[in-house]
Amino acid sequence: PKEDPSIPIITEKMKNVKHKILVLSGKGGVGKSTVSTNISFGLSMKDDQIGLMDLDICGPSLPKMTGLEGEQVHQSNSGWSPVYVNDNLSVMSIGFMLPNPDEAVIWKGPKKNDVDWGDLDYLVIDTPPGTSDEHLSIVQYLKESKIDGAVIVTTPQEISLQDVRKEINFIRKVGVPVIGVVENMAGFVCPKCTKESLIFAPSTGGAKKLCDEMGVPFLASVPIDPRIAKSCDLGQSIFEEYPDSPAVKAYQTIISQIT
Ligand code: ADP
């Protein structure tokens, strides 16, 4: 990535970003974008300025998850301007550039990181899933702009955990610090009795074990919660809609280890 001509652009544009956090997963569908969105919503509850960048260019879901579907981005001399959710949270996604949300896109070239974020306290970067070449080159590329660390999202099953091991080894090799691992969708909190059922048991507890084995922090276990899916589908902040939910408590635990 050293000879990539767009490196000076991202470094230049990101120079007023205090902290950059990568959100990664070994597989798609484990809840990476959901975690990226909710971390960003949660961080934006304080006075900090937060940016959320969607690098999941083949399946951009952040416009919908942040309630910005159908919004357009504009380009000025200083780059693409992100779209604002509120005074504290702005989002950039290739999804804003697609004429039709059902269309897939292959977006290549230096422009994709040329975003005029302005002054940010935190930039949360949602990366493409997996350990594909594309994913690896994006992490290598972003590393040039000094990433604070990576949050890795997994489901409890061994099939997802296998890829997390690969992912941790890779980002360690690249030199990006591991903030920790989030286990998503392990337990289900019954809304009637509020008891938690570990519905994937015995395939549960593996993420914690993996963290102990690999010497990385286990950040939190986020339960399966229809309120998470609903907030995502409606583009609403779960922190505002369901502030007392176990999911919000889990996201707050994650955020306290990022900040
Ligand atoms: P990824 O980014 O890893 O591909 P997403 O974040 O898009 O995955 O999540 C896939 C789907 O699962 C979304 O519809 C989301 O609303 C839902 N989802 C994610 N985490 C949870 C959870 N803890 N409880 C309920 N639904 C969830």
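Listed here are the residues, each with its yes/no results for (1) at positive phi; (2) β-branched (V, I, T); (3) more than 7 Å from the ligand (Cβ to nearest atom).
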residue: H19; (1), (2), (3): no, no, yes
residue: G31; (1), (2), (3): yes, no, no
residue: I39; (1), (2), (3): no, yes, yes
residue: I50; (1), (2), (3): no, yes, yes
residue: D54; (1), (2), (3): no, no, yes
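Identify the residue in segment 244-259 that is under 17 Å from the mean Cα position of the chain (by Cα) and either within 10 Å of the ligand (Cβ to nearest atom) or among the hydroxyl-bearing types (S, T, Y) (or both) and, among all such residues, is nearest to K192 (Cα to Cα). Selected residue: A247. Filtering segment 46-68 to residues that are part of a loop (DSSP other than H, G, I, E, B), in contact with a helix residue (DSSP H, G or I) (Cβ under 8 Å, 6 or more places away or on another chain) and modelled with pLDDT under 95 leaves L55, D56, I57, P60, S61. Can you tell me which residues in segment 188-238 are more than 22 Å from the chain's Cα centre (by Cα) and among the aliphatic types (A, V, I, L, M)? V189, L198, I199, A201, listed by residue number. Filtering segment 1-42 to residues that are more than 14 Å from V181 (Cα to Cα), of a type in the set (S, T, Y) and modelled with pLDDT under 95 leaves S6, T11.
Conditions (1) surrounded by 16 or more Cβ atoms within 10 Å (Cβ to Cβ); (2) assigned to a strand (DSSP E or B), marked per residue:
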position: V153; (1), (2): yes, yes
position: S160; (1), (2): yes, no
position: N169; (1), (2): no, no
position: R172; (1), (2): no, no
position: V182; (1), (2): yes, yes
position: G187; (1), (2): yes, yes
position: T194; (1), (2): no, no
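Among the residues making up segment 222-259, those that are of a type in the set (K, R) and closer than 18 Å to S61 by Cα are R227, K230. Specify which of the listed residues (A150, A186) is touching a Pro at 6+ places or on another chain (Cβ under 8 Å), within 13 Å of the ligand (Cβ to nearest atom) and closer than 19 Å to G26 by Cα. After applying the criteria, what remains is A186. Report yes if G180 is of a type outside the set (K, R), on the phi > 0 side of the Ramachandran plot and at pLDDT 95 or above, otherwise no. When the stated conditions are applied, G180 passes them.
Which pairs turn up if I take residues in segment 215-237 that are closer than 9 Å to M65 by Cα and touching a residue at least 12 places away in the same chain (Cβ under 8 Å) and look for partners that are among the hydrophobic types (A, V, I, L, M, F, W, C) and near the ligand (Cβ under 8 Å from one of its atoms) with beta carbon separation below 8 Å, at least 6 apart in sequence or on another chain? If the second residue must be among the hydrophobic types (A, V, I, L, M, F, W, C) and near the ligand (Cβ under 8 Å from one of its atoms), the pairs left are C232/M65; G235/M65. When segment 193-243 is filtered for residues that are acidic (D, E) and within 16 Å of the ligand (Cβ to nearest atom), the ones remaining, listed by number, are E196, D225, D233, E241.
Residues of segment 222-259 that are hydroxyl-bearing (S, T, Y), under 19 Å from L22 (Cα atoms) and at pLDDT 95 or above: Y251, T253, S256.
The values are calculated or read from the model by the stated rules, or taken from the named source; none is laboratory data. Treat the numbers as computed from the prediction; the structure is a model and nothing was measured. Every residue, glycine as well, gets a Cβ built from its backbone with ideal geometry; the counts of neighbours run over all protein chains shown.
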